[in-house]
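Notes follow once the structure below has been shown.
Laboratory data are not the source of any read-out in this text; all were calculated from the coordinates shown. Keep in mind it's a predicted model, so treat the numbers as computed, not measured. Please note: Cβ atoms are built from the backbone with ideal geometry, for glycine as well, and neighbour counts cover all protein chains shown.
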Amino acid sequence: MDILSSLAHGFTVAIEPQHLFLVLIGCTIGTLIGALPGLGPVNGVALMIPLTFNFGLTPTAALILLVSIYYGCMYGGRISSILLNIPGDEPAMMTTLDGYPMALKGRGGEALGISAVASFVGATIATIGLTLFAPILVGFAIRFGPAEYFALFLLAFATIGGVTSGSFTKSFIAACVGLLLGTVGIDPVSSVPRYTFGWYEIYSGIDFIVALVGLFAISECLFFLEDISHGSKPRIQVGSAIPGMKSSLKCAPTIARGSLIGFISGVLPGAGASLGSFLAYILEKRWLGRKGDFGNGDPRGVAAPEAGNNAAAGGALIPMLSLGIPGSGTTAVLLAVLLTMNITPGPLLFEQQPDIVWGLVASLFIGNIMLLILNIPLVGLFARVLQAPSWFLMPMVVLVAFVGIYSLSNSAFDLYMMLAFGLLGYVMRKLEFPTVPVVLGLLLGGQMEFNLRRAMAISGGDWSILWGSGISIGIYVFASLLIVAGLAYGVFIKRRDRPTSESD
């Protein structure tokens, strides 16, 4: 009953005219950004962060806008995947396997309609799960001390390293780079400058927003300019985006299974929508066996990953809000926004600032309905964005990044820092190093160090306090299992791709 009353209070916050307008704007912008090949939710949210500060939005309004953009990007990522065979973001990669073959067969509109319905169901189930399970997790998290939180931070790094890359070594190195960047600035205990090289601009540490915009948006622009296609793709007719009754009934069980798998994947810290999309597609293909025509335009091959990645996107908000641990790269960006606004996610957030939490949850329900209304009848309009020439598109993205960062701090040093992170992200991705562990290291490194020092101070320097409780031991065991699962996942991918490469 407390949950229902809290949710009712959240709807009173969400239906305020300003918040409804921000949900609509966020869903529209997010869908457009998600449709742009390669940008995705992380870059879309990162690009819009400076604007939220410049317009002076309250923390509740800013979070509603950014999460609406997040959900919109998850919807929009399927448009370029189906029509151009170019994933709008990493989770939409699995959608290309059956979405583009459907488009080539003249069923592009049907594929877009099925993906919109699957996204709506997956996101709605995830929002319901967020409503029900986040408060339960909060009650459990109150028992956490500094040693348990240190174990949680370690779990975040372990899951990111095991899932987001086939190479655990590269993920570990990237995480270490992020941790090193997180130590830049004045030491909170001794007040000694660390790794500042005499630059007073970074005495307070590296700005989250500057690093995120550079690491994701600028590096993505460099990649987009490098990867301009020299050929031409067949022109796809979008057609009607309203799926038929037969296809809807055929895909209904697939959507339900994909939503459940995606939600569970999203709740795992660091797993994110990519794992949800992959697992939903692979397990559905295994479940149906010869009954499906996956890879050749099966509608269920579109429904499964779309339900999975949208459910995972909502599930990833649970560990971020209730534990302060980002469940994906995008929630890591959202965590940076909250920290910048002096809001600390965690168990006390639900009690001290219920307007933010429950207003956000209620806005997600409203946003899902808006996205379904926007995506089915207006999908043709959204698809036209893909026809924008790259010589116009990429300079506009760079312009938004430069204007936003400079107006936020009025410092040319931040622009140089943003470019430096852009080059860092470009080089890392060229060398196939994941960038999400860098974000986690930068965001969580300071808090991880703080909790480690608190634990050591409480125990008088006795390291056994780190594994002295059942909660800590359970977290360490779970992290170890996820690392093993991630390594096994990488081996599976290599073995699966080996016959294909040999046959080529």
**OP:** Would you mind ranking Cys27, Cys221, Cys176, Cys73 so that the residue whose beta carbon has the fewest other beta carbons within 10 Å leads the list?
**Re:** Cys176, Cys221, Cys27, Cys73
Original post:
What net charge do the residues around Pro188 carry, taking every other residue with its C-beta under 15 Å from that of Pro188, with Lys and Arg at +1 and Asp and Glu at -1?
Top reply: +1
**OP:** For each of His19, His9, count neighbouring Cβ atoms within 10 Å of the residue's Cβ, then give the residues from fewest to most.
**Re:** His9, His19
Subject >> Extension gain, Tyr476 back to Ile373 (0.36 nm per residue minus Cα-Cα distance, nm) >> reply: 32.7 nm
**OP:** Between Phe11 and Leu431, take the C-beta separation as r, use R0 = 60 Å, and let me know the FRET efficiency to the nearest 0.05.
**Re:** 0.80
Original post:
Could you give the nm distance between label points at Trp199 and Ala420, where each point is 7 Å from its Cα heading toward the beta carbon?
Top reply: 0.2
**OP:** Please give the length that would be gained between Ile25 and Gln353 if that part of the chain were fully extended, namely 0.36 nm times their separation in residues minus their C-alpha to C-alpha distance (nm, one decimal).
**Re:** 115.7 nm
Original post:
So, counting K/R as plus one and D/E as minus one, what does the shell of residues with Cβ under 15 Å around Ala61 add up to?
Top reply: -2
Subject >> Cut-off 13 Å between beta-carbons: net charge of the residues surrounding Val427, Lys and Arg +1, Asp and Glu -1 >> reply: +1
Original post:
Rounded to a whole number, what is D in µm²/s for the range 419-462 from Stokes-Einstein with the Kirkwood radius over alpha-carbon pairs (25 °C, 0.890 mPa s)?
Top reply: 198
Original post:
Okay, which of the range 414-455 sit inside 11 Å, backbone N to the point 7 Å along the Cα-Cβ direction of Val189?
Top reply: 449-455
Original post:
Ranking Tyr71, Tyr200 by Cβ neighbours within 10 Å, fewest first, what do you get?
Top reply: Tyr200, Tyr71
